[in-house]
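Scroll down for the structure; my scribbles are underneath it.
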Amino acid sequence: MHPGDGATGGPTAVLHRYEDLVAYECDGYTLEKSLPAAVVFPKSTEEVSRAVKYLHERRIPFLPRGAGTGLSGGAIAQGGEVIVSLARMNKLLSIDYLNRRAVLQPGYINLKLSNSISSKGYYYAPDPSSQATCTIGGNVGENAGGAHCLKYGVTTNHVLGLELVLPNGDIVKTGGTLDSPGYDLLGILTGSEGTMGIVTEITVRILKKPQGVKTVLALYEDVNDASRAVSEIIAAGIIPAALEMMDKIAIEGVESGNYPVGYPRDLGAVLIVEVDGIEEGLQDQIDHIIAVCQRNRVREVRQADDAQERARWWANRKTAFGAMGTISPDYLVQDGVIPRSKLPEVLAKVGEISAKYKLRIANVFHAGDGNLHPLILFDSRVPGETERAVAAGSEVLKVCADVGGSITGEHGVGIEKMEDMRFIFNEREIQVQTDIRDVFNPHSLCNPDKLFPKPARCVEVKKFVASTKE
Ligand SMILES: Cc1cc2nc3c(=O)[nH]c(=O)nc-3n(C[C@H](O)[C@H](O)[C@H](O)COP(=O)(O)OP(=O)(O)OC[C@H]3O[C@@H](n4cnc5c(N)ncnc54)[C@H](O)[C@@H]3O)c2cc1C
């Protein structure tokens with residue numbers, strides 16, 4: 001029996017044999033692997049609480065896991081922790097159309113929510129490209145974004161209430177009313193990457209589907225012209241529902257993947273621009289966008305004829321990461337954020353990093369948000385290439401931080417970017433944040449050694465001890 005398929009309690013609620021644990025040795029970040037001590041599958045908040053109390057009393061570290069699609073290693077048991085899988089807590093508990101909210105268990109799959117309420121004219125806005133597999137609990141853990149978050153906001157803007165099992169097993173609730181007094185714990189917990197407890201119930205905002213949607217593709221010879229068009233579209237006061245970009249190497253990948261659109265292979269970049277809202281006036285916005293694209297030397301503009309064509313374009317874009325597997329044995333996804341106006345400058349620097357490390361880098365991004373996803377292509381069978389890919393990724397994030405951006409837009413820090421946090425925060429700023437975490441997680445039992453780097457002094461001591469052993 002598969003542990004996620006609904007049996008309650010009993011021997012199927014715990015995995016402990018090597019052959020079962022191997023499936024949990026990593027998440028979507030595959031560069032580091034480690035076996036958990038066990039995986040447990042609670043079915044209710046009370047079962048999570050009981051399991052956590054048991055672990056807490058014995059000081060056994062543990063971590064929550066949704067679908068394991070995270071790209072920064074947040075759900076990897078790097079120290080052999082026990083994994084608390086939320087896969088069996090996968091129910092839609094209630095929908096309140098009048099007040100536009102839904103209550104879900106954390107293992108509920110993102111896309112299922114929109115599918116479940118679509119016939120009533122509603123949807124859930126945050127749409128990570130992994131939405132067919134990732135869970136709402138994991139989305140809360142990472143504060144996930146998606147193509148349509150430019151206009152509608154990321155997960156934190158849609159979470160109205162949370163139930164949480166604290167690392168000592170106590171159950172607490174926060175939010176739920178329109179404006180709770182006191183500190184904004186929802187804001188702190190959303191994006192906390194499982195370091196403050198296990199979310200066991202989530203209340204989210206649901207939205208009425210827009211009356212109309214229009215989508216255009218703008219095909220460019222020069223990626224810099226496309227970048228300038230992105231800045232100008234936003235500067236013109238238009239907020240598209242989505243504004244995505246793929247560069248030449250990314251186009252090579254998606255056109256070799258399962259959902260080719262038929263982009264000419266010599267293109268420098270493509271923009272996908274979507275507007276939605278009241279039907280009246282949408283074409284005016286599209287005309288305005290096309291005029292901006294033309295001012296920036298677009299080669300060709302295509303407008304979607306119908307919903308099928310739009311869906312085909314989005315399938316091509318949303319499977320871009322996986323499509324890289326058709327042009328490279330391995331790839332490393334990065335997730336930097338920059339001010340939109342810096343796109344040409346940063347893309348040029350990414351090109352320099354690509355040349356320096358002798359690795360091809362494809363760029364797929366939520367351009368409207370300035371959220372870059374450089375995909376560093378490498379071959380792990382070639383000695384030294386994995387290390388070069390990791391170093392190139394870190395250097396890209398430094399460039400993003402140096403232009404006033406950030407080291408993560410949506411994929412989180414996990415174990416992958418802990419040291420890169422120093423590009424953004426000084427020692428004291430990191431300390432303030434770990435102090436807050438310690439209020440929830442005083443013994444560091446829940447997802448230990450993730451998100452924040454160790455204090456610099458510890459790193460120095462470790463280096464010193466290592467040098468004395470050489
Ligand atoms: C092909 C592909 C495309 C992707 N595209 C996007 C994208 O467009 N936008 C985006 O934001 N991300 C994207 N991702 C990354 C990933 O899908 C998201 O981060 C997603 O939110 C992870 O959900 P999950 O259920 O897989 O969580 P997991 O990977 O299982 O966990 C992620 C983190 O959340 C914590 N966590 C999980 N469940 C809970 C819980 N119940 N309580 C507390 N903490 C919890 C975990 O400990 C871990 O730190 C993509 C990934 C892939 C593989």
Given R₀ = 30 Å, FRET efficiency for Asp438-Asp402 by Cβ-Cβ distance, to 0.05?
0.50
³J(HN,Hα), Karplus 6.51/-1.76/1.60, whole Hz, each residue of the stretch 368-378, x for Gly, Pro
x, 8, x, 9, 7, 10, x, 9, 8, 8, 8
Can you tell which of Ile60, Gly80, Ala38 lies farthest toward the positive end of the dipole of the stretch 3-85, using +1 and -1 charges on the Cβ of basic and acidic side chains (Lys, Arg; Asp, Glu)?
Ile60
Restricting to bridges with both residues inside the chain, how much of the DSSP beta-bridge set is antiparallel, in percent to the nearest 5?
90 percent
Any idea how far apart Thr30 and Arg17 come out in nm if each label point goes 7 Å out from Cα toward Cβ?
2.5 nm
About the Cα centre, charge dipole magnitude for the stretch 92-208 (Lys/Arg +1, Asp/Glu -1 at Cβ), debye
520 debye
Starting from the Cα of Ala348, step 7 Å toward the Cβ, then list every residue of the stretch 278-302 with an amide N under 19 Å from that point.
296-297
Extension gain from Lys173 to Arg388, taking 0.36 nm per residue of separation minus the Cα-Cα distance:
72.9 nm
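If you keep only loop residues by DSSP, which trypsin sites (Lys or Arg not before Pro) in the stretch 23-84 have at most 15 other Cβ atoms within 10 Å of their Cβ?
Hits after loop and neighbour filter: Lys33, Arg58, Arg59.
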Taking a cut-off of 16 Å between Cα atoms, list the lysines near Lys151, but don't count ones fewer than 8 places away on the same chain.
Lys208, Lys209, Lys214
If I stretch the segment between Arg100 and Thr326 completely, what's the gain in nm (0.36 nm per residue apart, minus their alpha carbon distance), one decimal?
77.2 nm
Rounded to the nearest 500 deg cm²/dmol, what is the calculated helix-only ellipticity per residue at 222 nm for the chain, with -39500 (n - 2.57) per DSSP H run of length n ≥ 4?
-9500 deg cm²/dmol
Got a sec? What order do Phe423, Phe378 fall in by accessible area at 1.4 Å, biggest, i.e. largest, first?
Phe423, Phe378
By accessible area with a 1.4 Å probe, ligands and nucleic acids excluded, highest first: order of Thr133, Thr45
Thr133, Thr45
In the stretch 341-431, what is the count of Lys pairs whose alpha carbons are under 17 Å apart, counting only pairs at least 8 residues apart or on separate chains?
5
Accessible area per residue, Å², the chain with all protein chains present, probe 1.4 Å:
43 Å²
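Tell me the carbon and sulfur percent of the accessible area for the chain, rounded to whole percent, probe radius 1.4 Å.
Numbers: 10860 of 20410 Å².
Carbon with sulfur: 53 percent of the solvent-accessible area.
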Which value, in debye to the nearest 20, gives the size of the charge dipole of the chain about its Cα centre, when Lys and Arg are +1 and Asp and Glu are -1 at the Cβ?
540 debye
Once the piece of chain linking Lys120 and Ile290 is laid out straight, how much longer is it, given 0.36 nm per residue of separation minus the C-alpha distance between them?
57.9 nm
Taking the simple approach of a point 7 Å from Cα along Cα-to-Cβ for both Asp379 and Phe425, what is their distance in nm?
4.0 nm
Between Tyr331 and residues 5 or more places away or on another chain, the pairs with built amide H atoms under 5 Å apart involve Phe378
In the stretch 24-150, lysine pairs with alpha-carbon atoms under 18 angstrom apart (chain gap of 8 or more, or interchain):
4
Heavy-atom accessible area order for Asp276, Asp284, Asp96, largest first, 1.4 Å probe
Asp284, Asp96, Asp276
Distance (nanometres) between label positions extended 7 Å along Cα→Cβ at Ala235 and Ser341
0.8 nm
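What does the C-alpha gyration tensor say about the overall shape of the chain? Classify as rounded when a/c is under 1.5, otherwise prolate if a/b is larger than b/c, or oblate.
Values: a/c = 1.76, a/b = 1.27, b/c = 1.38.
Oblate, because a/c is 1.5 or more while a/b does not exceed b/c.
The values are calculated or read from the model by the stated rules, or taken from the named source; none is laboratory data. Everything quoted here is computed from the prediction, not taken from an experiment. Ideal geometry is used to build each Cβ from the backbone, glycine not excepted, and the neighbour counts take in all protein chains shown. Remember, those area values only see protein heavy atoms, side chains included, never the ligands or the DNA or RNA. Shrake-Rupley method; radii C 1.70, N 1.55, O 1.52, S 1.80 Å.
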